[in-house]
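Worksheet for the structure shown next.
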Amino acid sequence: MSGALLSCRDVAVEFPVAGRVLRAVDGVDLDVEPATTVAVVGESGCGKSTLARAIMGLGPVSRGSIKLEGKELVGLTPRQLRPLRPAVQMVFQNPFGSLNPRLTVGRIVEEPLFVQGIGDRASRRARVRELLEMVGLDAGSEQQFPHQFSGGQRQRIAIARALALSPKLIVCDEPVSALDVSVQAQVLNLLVRLQRDLGIAYLFISHDLSVVRHLAHRTVVMYLGRIVARSSHRSFWKAPLHPYVLALRDATPTMDGLLNAAKPATLVEGEVPSALDPPPGCRFSTRCPYALDHCRAVYPELRAVSDVESVACHRVEISNDGRIRTPWGVETSVAERSGTLGARLDPVPAL
Ligand SMILES: Nc1ncnc2c1ncn2[C@@H]1O[C@H](COP(=O)(O)OP(=O)(O)O)[C@@H](O)[C@H]1O
Ligand code: SF4
Ligand SMILES: [Mg+2]
């Protein structure tokens, strides 16, 4: 897609494991446009973190291209990457592990400015105070240490640090997964507000769809290292065009429901096969209630359904007149699925 901030093409990450090759990420195409949120979802082990680390230059890339504003990142040395660093920052799942316990919050948030040689001590301190205020932390927080804060506040500190260099993109890897649901909603609201005020794009990784539904403009679903579906978030929820997406959706309570103590999410039935030994043909075929012999033999390539949607499933029928039919009862049309790129599904519950 033109105008993308981040553009990944055929990205693969392979690890040697016991004399074999584990394809953790296996040919991923992904675009993130400015000021939008692209969610990457899928069960644990499908390759989300490996993809994030590859994008951040923190992990290996075996094949493919990762471009930031048109500049190729794959193959750059750490020294060549350094001037590009400010544009992309990362927030991790565990705010304990990612914040140095021996440094004050002020030093933690100042560090990226210091490393990039930006400003003098006084101007950096002023910027730190501004950043802490932006993420809703009290004046005076900069004198304290990470252990003096709750999990949600620590994640705010991590977000303040990620904002220090005015990034265009923040890669968030399960940033609220370790937090209580009510605290999750507060941090998600903060991310939405920061996007609105600062125009930041997010690549938001989560195994939890109840989180993603409040944030994403577009959603990419991974299964065993590959993308199986990509769509605007609204189409994704209303009428899934892939059995795995359907199963994930139906297993996901809304955040409102979780806040009101509704049942927790149940997993999609069946075990995820080993990434070392994925099934032939469609990788979801061992768990798919709609699998045919053809599915078990031939891998379904990702097909474009509309300008904003692609799907890797043999059983999605698209007729010449643009009607779409699936065996799980979705009847829609190419026209209905088009042009919904900017649509968020619903806001984060206000708390
Ligand atoms: N350094 C590594 N060496 C070998 N296998 C790895 C390594 N990192 C990740 N993997 C494997 O790659 C797959 C994807 O892992 P990961 O990206 O962490 O998944 P997710 O973040 O979606 O839970 C898993 O099968 C995992 O065991
Ligand atoms: S290709 Fe076949 S096995 Fe794979 S998701 Fe579609 S129906 Fe299920
Ligand atoms: Mg992960």
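Work out, in µm²/s and without decimals, the Stokes-Einstein translational diffusion coefficient of region 79-130 at 37 °C, 0.692 mPa s, Rh from Kirkwood over C-alpha pairs.
265 µm²/s
Which whole-number percent of Cα pairs in region 1-96 have a distance greater than 22 Å?
Values: 1348 of 4560 pairs.
Counting pairs separated by more than 22 Å, the tail of P(r) holds 30 percent.
Just the number, please: carbon plus sulfur as a percent of the accessible area of the chain, 1.4 Å probe, no ligands or DNA/RNA counted.
Summing carbon and sulfur atoms, their accessible area is 52 percent of the total for the chain.
Can you give the Rg to Rh ratio of the chain, both from alpha-carbon atoms, with Rh computed by the Kirkwood formula?
For the chain, the value is 0.98.
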**OP:** Averaging over all projection directions, find the projected area of the Cα convex hull of region 99-230 and quote it in nm² with one decimal place.
**Re:** 8.9 nm²
**OP:** Report, in deg cm²/dmol and to the nearest 500, the calculated mean residue ellipticity at 222 nm for the chain, where each DSSP H run with n ≥ 4 adds -39500 (n - 2.57) and the sum is divided by the residue count.
**Re:** -8000 deg cm²/dmol
**OP:** Any chance you could list P(r) for region 85-164, counting all Cα-Cα pairs in 10 angstrom bins from zero, rounded to whole %?
**Re:** 20, 58, 22, 0
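Given just the C-alpha atoms of region 1-50, how large is their convex hull per residue in cubic angstrom? Each step should come with its number before you reach the end.
Numbers: hull volume 3.8 nm³, N = 50.
For region 1-50, the hull spanned by Cα atoms encloses 76 Å³ per residue.
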**OP:** Answer with one residue from G47, V115, V28: the one whose Cα lies farthest towards the positive end of the charge dipole of the chain, charges on Cβ with Lys, Arg +1 and Asp, Glu -1.
**Re:** V115
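Taking a probe of 1.4 Å, how large is the accessible area per residue of region 137-221, in Å²? Please list the in-between numbers first.
Values: 2650 Å² over 85 residues.
With all protein chains present, region 137-221 gives 31 Å² per residue.
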Original post:
How fast does region 34-147 diffuse by Stokes-Einstein, in µm²/s, taking the Kirkwood radius from C-alpha pairs at 25 °C and 0.890 mPa s?
Top reply: 148 µm²/s
Original post:
Roughly how many Å² is the accessible area per residue of region 10-122, as a whole number, for a 1.4 Å probe?
Top reply: 49 Å²
Subject >> Spin-label model distance (nm) - V298 vs F114, 7 Å beyond Cα toward Cβ >> reply: 6.0 nm
Original post:
Of the beta bridges DSSP finds with both residues in the chain, what % are antiparallel, to the nearest 5?
Top reply: 65 percent
Original post:
Taking the chain as a Gaussian network, where each spring joins two C-alpha atoms under 10 Å apart, which residue of P101, P146, P112 fluctuates the most?
Top reply: P101
**OP:** Taking the Cα centre of region 1-108 as origin, work out the dipole magnitude from +1 charges on Lys and Arg Cβ and -1 charges on Asp and Glu Cβ, in debye rounded to 20.
**Re:** 580 debye
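The values are calculated or read from the model by the stated rules, or taken from the named source; none is laboratory data. Treat the numbers as computed from the prediction; the structure is a model and nothing was measured. Quick reminder, even Gly has a Cβ in these numbers, built from the backbone with ideal geometry, and neighbours come from all protein chains shown. With ligands, DNA and RNA removed, areas are computed over all heavy atoms of the protein, side chains included. Shrake-Rupley method; radii C 1.70, N 1.55, O 1.52, S 1.80 Å.
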